[in-house]
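Heads up, the thing below is written out as structure tokens.
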Amino acid sequence: MKKNILQTIFFDKHQNWAKFLKNHGRRIRPVVKKEVAKFESCGDIRKGYRLFVCEGCHNTKLIALKCKGKFCPTCAVGESQRWSDLVAHDMFAVNHRHVIFTIDEGLREIFLMDKYRSVLLKGLMDEAARVVLEALGKNRKVQGGVVAALHTFGSKLEFNPHVHMVVTMGGITPDGQWKTYDYLPYKRLRVYWQNAVLKLIRRTLSPWDKKRVQPRLQRAYKANAEGFYVNAPKRSRTHLKGLLKYISRYMKRGPIAMDRIVMYDGESVLFSYKDKRTNRKETHLMSVEAFIEALIRHIPDRHFKTIRRYGIYSRRIKTLMKQVMAVYQKAVRRRLVELKQVMRVKSWTEKTVEVFGYDPLKCSDCGELFEIMGTSVAKNGRLKVQYAKDRQARHYMLEVNQNIAKEAYQTKYKQAEAAYDRCRFSWERQRRIYLSEMPQA
């Protein structure tokens with residue numbers, strides 16, 4: 001059954017994704033097709049489920065499998081919290097600063113070119129980290145640490161690649177001592193960053209492509225006399241974990257939150273956004289085709305890492321740095337948080353209790369707990385038992401799989417799905433309400 005508004009926009013009776021594939025199939029990256037296909041089957045019991053049986057009264061419960069895809073907003077819930085907790089507990093207990101590197105608006109389309117996309121976006125992160133670390137090395141004679149996160153979207157879903165960085169306000173001196181500081185050469189960073197981005201593009205593109213974009217490079221250089229914009233406040237006391245949560249909201253979730261979508265009528269999508277220039281909440285209307293295109297271009301390429309570590313946070317030297325930092329933090333009565341001791345991935349049950357306030361594995365009839373007894377997954381269009389704890393569980397799942405495959409079940413499932421959509425997404429009614437609330441001219 002469809003669980004969220006985004007699935008409805010892509011896969012309802014209008015078949016918007018199928019139409020988009022037909023019109024633009026050749027231009028769509030394979031990773032996009034794969035991620036959207038996983039997203040379509042997310043939460044569909046016909047694609048797989050886990051069997052739970054109550055230890056007391058033997059009631060059964062089937063829980064549909066999730067896709068755990070990069071594009072799925074349902075599976076991303078909780079991932080940002082887990083990521084920020086994990087990274088925060090694996091970072092040194094020193095002051096950090098939030099720095100943002102942006103590029104000229106006229107250069108954004110260059111980073112969308114398929115044959116250069118991954119190289120340019122990775123280079124953008126590498127160059128941003130290099131500019132910061134070199135500035136610290138030249139001015140403070142220390143080796144700092146950087147955790148960089150790549151964001152590719154703006155509030156209106158436009159392609160806007162920029163790099164968020166968490167930078168240590170201190171570093172390791174050549175003699176192995178920790179030295180703190182509270183200053184970044186903001187003006188120089190802007191100029192260095194501008195030169196780094198322009199050089200990155202020139203050395204990555206082929207001679208023919210470089211000739212095509214040369215006018216864009218020249219305009220970007222002339223329009224930014226002080227360099228590309230870098231947000232590096234003079235002082236930053238932002239709580240590290242809160243900062244990581246802010247960054248991870250965009251790293252582990254899709255380009256748009258579900259509650260931002262105001263209206264969908266089969267042809268158009270209306271969503272809200274915050275205009276940073278006016279600091280006001282506005283709305284933006286797009287055709288469904290333009291909306292889908294805007295969303296899928298933010299899906300990263302396969303194996304592309306949107307989070308990278310540099311300097312003393314580089315995994316190549318992290319073990320050595322932990323030893324150095326342990327001595328320093330003991331001297332100043334601080335501690336280096338041990339990831340394995342503190343951090344543990346929350347289970348599905350724990351997340352449900354935390355968000356909804358009830359235990360999904362507690363039987364409502366007898367109060368005993370449900371126990372997982374097996375898993376069925378879809379292979380070649382048919383459900384097959386992947387795991388069964390005992391013979392009785394296997395027999396039960398084989399029977400369930402046969403019932404799900406029957407035409408009567410499929411019809412009943414589609415009817416339930418349609419009823420859910422009518423109840424959850426009354427788009428025509430919502431559009432009338434929205435239009436009635438708009439101020440009249």
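The set of residues in the stretch 265-297 being part of a strand (DSSP E or B) and out of contact with any strand residue (DSSP E or B) (no Cβ under 7 Å at 6 or more places or on another chain) consists of Arg280 alone. From the residues in the stretch 149-173 that are surrounded by fewer than 20 Cβ atoms within 10 Å (Cβ to Cβ) and within 16 Å of Arg309 (Cα to Cα), which one is nearest to the chain's Cα centre (by Cα)? Looking at residues that are surrounded by fewer than 20 Cβ atoms within 10 Å (Cβ to Cβ) and within 16 Å of Arg309 (Cα to Cα), I get His151.
When only residues in the stretch 1-57 that are among the aromatic types (Phe, Trp, Tyr) and over 14 Å from Leu295 (Cα atoms) count, which is surrounded by the most Cβ atoms within 10 Å (Cβ to Cβ)? Once the filter is applied, the top-ranked residue is Tyr49.
Quick one: count up the residues across the stretch 254-267 that are farther than 22 Å from His151 by Cβ and surrounded by 15 or more Cβ atoms within 10 Å (Cβ to Cβ). Give the derivation first.
Quick first cut of the stretch 254-267, residues farther than 22 Å from His151 by Cβ only: 262-267.
Pick out the ones that are also surrounded by 15 or more Cβ atoms within 10 Å (Cβ to Cβ) and you get 262-264.
Number satisfying all stated conditions: 3.
Applying the condition of being modelled with pLDDT of 90 or more and in a loop (DSSP other than H, G, I, E, B) to the stretch 61-114 and asking which residue is farthest from Ala129 (Cα to Cα) yields Met113.
Of all residues in the stretch 91-110, those satisfying the criterion of being under 23 Å from the mean Cα position of the chain (by Cα) and not aliphatic (A, V, I, L, M) are His96, Arg97, His98, Phe101, Thr102, Glu105, Arg108, Glu109. The set of residues in the stretch 100-132 being of a type in the set (A, V, I, L, M) and in contact with a Ser or Thr (Cβ under 8 Å, 6 or more places away or on another chain) consists of Val119, Leu120, Leu121. Kindly indicate the residue of the stretch 133-159 that is touching a Ser or Thr at 6+ places or on another chain (Cβ under 7 Å), over 15 Å from Ser314 (Cα atoms) and part of a strand (DSSP E or B) and also modelled with the highest pLDDT among those meeting that condition. Taking the candidates together, the pick is Phe159. Yes or no: Ala326 loosely packed, with under 11 Cβ neighbours inside 10 Å, small (Gly, Ala, Ser), at pLDDT below 65 and outside any loop (DSSP other than H, G, I, E, B)? Criteria not met by Ala326. Taking the criterion of being among the charged types (D, E, K, R) and either touching a strand residue (DSSP E or B) at 6+ places or on another chain (Cβ under 6 Å) or outside the structural domain of Lys389 (by TED's automatic domain parsing) (or both), the residues of the stretch 45-67 that qualify are Lys47, Arg50, Glu55, Lys61. All of Gly171, Gly154 fail the test of being among the small types (Gly, Ala, Ser) and closer than 29 Å to Ile299 by Cα, apart from Gly154. Phe153 fulfils the conditions (1) within 24 Å of Ile256 (Cβ to Cβ); (2) out of contact with any strand residue (DSSP E or B) (no Cβ under 7 Å at 6 or more places or on another chain) except for a single criterion, (2).
How many residues, within the stretch 213-223, are in contact (Cβ under 8 Å) with a residue 40 or more places away in the chain and either surrounded by fewer than 16 Cβ atoms within 10 Å (Cβ to Cβ) or over 32 Å from the mean Cα position of the chain (by Cα) (or both)?
The initial filter retains those residues of the stretch 213-223 that are in contact (Cβ under 8 Å) with a residue 40 or more places away in the chain, namely 213, 216-217, 219-220, 223.
Retained after the next criterion (residues that are either surrounded by fewer than 16 Cβ atoms within 10 Å (Cβ to Cβ) or over 32 Å from the mean Cα position of the chain (by Cα) (or both)): 219, 223.
Residues in the stretch 213-223 being in contact (Cβ under 8 Å) with a residue 40 or more places away in the chain and either surrounded by fewer than 16 Cβ atoms within 10 Å (Cβ to Cβ) or over 32 Å from the mean Cα position of the chain (by Cα) (or both): 2 in total.
Among the residues of the stretch 206-239, those that are charged (D, E, K, R) and modelled with pLDDT of 90 or more comprise Asp209, Lys210, Lys211, Arg212, Arg216, Arg219, Lys222, Glu226.
For the stretch 5-58, list the helices (runs of 4 or more DSSP H) that sit wholly inside it and hold at least 2 residues that are polar (S, T, N, Q) and touching a residue at least 60 places away in the same chain (Cβ under 8 Å); which are they? If you could, list the steps in order and put the result at the bottom.
Values: elements: 5-11, 16-24, 30-41.
So the answer is 16-24.
Got at least one residue in the stretch 116-126 being at pLDDT 85 or above and part of a loop (DSSP other than H, G, I, E, B)? Yes, the stretch 116-126 has at least one match.
Screening the stretch 335-378 for residues that are among the polar types (S, T, N, Q) and out of contact with any helix residue (DSSP H, G or I) (no Cβ under 6 Å at 6 or more places or on another chain) and picking the one that is modelled with the highest pLDDT gives Thr375.
Within the stretch 168-191, the residues that satisfy the criterion of being in contact with a Lys or Arg (Cβ under 9 Å, 6 or more places away or on another chain) and either more than 17 Å from Tyr229 (Cβ to Cβ) or part of a helix (DSSP H, G or I) (or both) are Thr168, Met169, Gly170, Gly171, Ile172, Thr173, Pro174, Lys179, Tyr181, Asp182, Tyr183, Tyr186. With the requirement that a residue be aromatic (Phe, Trp, Tyr) and more than 20 Å from Val94 (Cβ to Cβ), what does the stretch 171-212 give you? Tyr186, Tyr192, Trp193, Trp208, listed by residue number.
In the stretch 282-304, the residues that are more than 19 Å from Ala149 (Cα to Cα) form no Cβ pair under 6 Å with any partner that is charged (D, E, K, R) and assigned to a helix (DSSP H, G or I), whether six or more places apart or across chains.
Could you please let me know if Gln410 is at pLDDT 85 or above and surrounded by 10 or more Cβ atoms within 10 Å (Cβ to Cβ)?
Values: at pLDDT 85 or above: no; surrounded by 10 or more Cβ atoms within 10 Å (Cβ to Cβ): yes.
No; evaluated as a whole, the condition is false for this residue.
The values are calculated or read from the model by the stated rules, or taken from the named source; none is laboratory data. It should be emphasised that the depicted structure is a prediction, and the values quoted were computed from it without experimental measurement. For neighbour counting, all protein chains shown are included, and Cβ atoms are generated from backbone atoms with ideal geometry for every residue, glycine included.
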